[in-house]
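So the structure is just underneath, and the comments pick up after that.
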Amino acid sequence: MAETRAPVADTIVAIATPPGRGGVGIVRLSGPRCDAIAQALLGATPAPRLATYAPFRDAAGAALDTGLALWFPAPHSYTGESVLELQGHGSPAALRAVVGRCLELGARLAQPGEFTRRAFLNGRIDLAQAEGVADLIEAASSTAARAAIRTLTGEFSRAIGAAVADLTELRARAEASLDFPEEDIAFVHVADAAARLERVRAALAALTRRARQGVRLREGLTVVLVGRPNVGKSSLLNRLAREDVAIVADAPGTTRDTVERAIEIDGVPVIVVDTAGLRDADEAVERLGIARTWAAVARADVAIVLVDAREPDEGLTDDDRAVLSRLPQALPRLVAHNKSDLAGVAARVERSGATVHAWMSALTGDGVAELEAEVRVLAGVDAAGEDSFIARERHLVALEEARARLAAAAAELALVAPALELVAEELRLAQRALSSITGEFTADDLLGEIFARFCIGK
Ligand code: GDP
């Protein structure tokens, strides 16, 4: 926030490439001493933003390594400070020696994330973008990586910024009518304000959907497999994971514990939880497995209820119905009618109310791709998550807070005689919630907005 954006005096240094040997190793520095350090190491300050080939020298003038130096004088750099990047050979020993020399010359070792933190503190990027940088590095799939790029290049922040700007204007109008009630210009035409508010709410709803997808891309989905013993849960898990991870056996109750497997379905990281047979078990070890099964169900995004395609009455037995009735009401579910090969039916998908039914065979793989597609739809991650941006739980919390505030403002505006001070207050709180996403201090450019829009002397 504003008060923490003080200039920093020290110069930080770190090896920017991963540990170990590699083709190239990069030492990165940021801060006011970079210029002096460059002169000592390289003999001269390199030309800005051009690759300069030079030896990196120790105090006695001997070369520690040779490579390319890149010089980014402040403020045109990643951090907004002077930045020096030294690209040497990827030798851990040589890299350590170069860092050691930088320490002698007055730099200190950087903390994790400190370059990006400085970029944020210096206003080069906002908080959501800074988080996007970390999320790109952490991205577990190419879809998640693309979503992280959208966040770090500011697509998410710009959408938030647009909503904040709309709210600022609405607030300006609401507060102008409060401050100057004697003016008979109606600053807030209630119907117009309500329509504008609806537009912002629609935009935030769309934004929340994209951000929620982004959270799922980042954190992965949890899909829980439930069903009676021997119905084919382990086989389906193996099929989804495309390798053998669970014991497949003919004897009921073989899968005694939950088995978690991290897989990827069309670019979305998915944790599939195979469950112990959900039936009364005599053995203590099985009971433990059953308790864990319900714990897995509680944190799942989607449940796949596996039944035998050969069973009559939609394939649901009393046991299956008991399981279904215990699933959380809001948990999206898919009934997979497995062993379609034995039932002699073709793979297909049908919808009955909120429940999706898919006929498939874990053994032959028939219908498994269709099942995967349905799982993604149920989890709210649409076609390859293409328009999502990586987001975090705190962003969702802020978006929900803003949406709740705007719902309250809209409800007030819908009254015959809306209390504009309440509307203005809800708008302010919504704006504050949104601004927390980008970490911006939008405190009050509000008065400026009012003066810019209305001629007060009139
Ligand atoms: P779980 O107890 O629910 O985990 O069931 P398993 O995955 O261990 O499967 C029980 C038995 O059914 C094994 O012999 C599997 O090979 C068999 N099985 C599983 N899925 C299918 C299927 O789609 N078709 C056929 N024919 N057999 C299957």
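Observations on the model:
- Residues (closer than 22 Å to residue 66 by Cα and charged (D, E, K, R)) located in the stretch 79-107: 85, 96, 101, 104
- Selection within the stretch 207-244 - within 16 Å of the ligand (Cβ to nearest atom) and among the charged types (D, E, K, R): 228, 233, 239, 242, 243, 244
- For the stretch 350-359, the condition of being within 16 Å of the ligand (Cβ to nearest atom), under 30 Å from residue 145 (Cβ atoms) and free of Cβ contacts under 8 Å to residues at least 40 places away in the same chain holds for at least one residue.
- Residue check, residue 426 within 30 Å of residue 201 (Cα to Cα), surrounded by 16 or more Cβ atoms within 10 Å (Cβ to Cβ) and without any contact (Cβ under 8 Å) to a residue 40 or more places away in the chain: yes
- Restricting attention to the stretch 83-104, the residues that are over 12 Å from residue 13 (Cα atoms) and touching a helix residue (DSSP H, G or I) at 6+ places or on another chain (Cβ under 7 Å) total 1.
- Residue 346, sole failed condition from (1) more than 16 Å from the ligand (Cβ to nearest atom); (2) of a type outside the set (S, T, N, Q); (3) closer than 19 Å to residue 306 by Cβ: (1)
- Here the condition is being among the polar types (S, T, N, Q) and under 30 Å from residue 153 (Cα atoms); of 388, 325, it holds for 388 alone.
- Evaluation of residue 410 against the conditions (1) at negative phi; (2) modelled with pLDDT under 90 shows that the sole unmet condition is (2).
- Test: residue in the stretch 184-197 that is buried (at least 18 other Cβ atoms within 10 Å of the Cβ), within 16 Å of the ligand (Cβ to nearest atom) and outside any helix (DSSP H, G or I): no
- In the stretch 362-373, residue farthest from the ligand (Cβ to nearest atom) [restricted to those that are crowded, with 21+ Cβ neighbours inside 10 Å and in contact (Cβ under 8 Å) with a residue 40 or more places away in the chain]: 371
- Residue in the stretch 50-60 that is in contact with a Pro (Cβ under 8 Å, 6 or more places away or on another chain), part of a strand (DSSP E or B) and under 30 Å from residue 152 (Cβ atoms) present: yes
- In the stretch 110-183, counting only helices (runs of 4 or more DSSP H) that sit wholly within it, the ones holding 1 or more residues that are closer than 23 Å to residue 397 by Cα and modelled with pLDDT under 85 span 114-121, 127-138, 142-152.
- Residues located in the stretch 251-280, provided they are of a type outside the set (Asp, Glu), more than 12 Å from the ligand (Cβ to nearest atom) and modelled with pLDDT under 75: 267
- Inter-residue pairs, beta-carbon under 6 Å, first at pLDDT 85 or above and in the stretch 195-217, second of a type in the set (Asp, Glu) and part of a helix (DSSP H, G or I), 6+ apart: 200/166
- Applying the criterion of being surrounded by fewer than 20 Cβ atoms within 10 Å (Cβ to Cβ) and under 15 Å from residue 231 (Cα atoms) to the residues of the stretch 325-343, the residue that is farthest from the ligand (Cβ to nearest atom) is 343.
- Yes/no for residue 109 being closer than 30 Å to residue 265 by Cα and within 32 Å of the chain's Cα centre (by Cα): no
- Residue under evaluation residue 79, criteria (1) outside any helix (DSSP H, G or I); (2) among the β-branched types (Val, Ile, Thr); (3) over 35 Å from the mean Cα position of the chain (by Cα), criterion not met: (3)
The values are calculated or read from the model by the stated rules, or taken from the named source; none is laboratory data. Computed from a prediction, not measured in an experiment: that's the story for all the values here. Quick reminder, even Gly has a Cβ in these numbers, built from the backbone with ideal geometry, and neighbours come from all protein chains shown.
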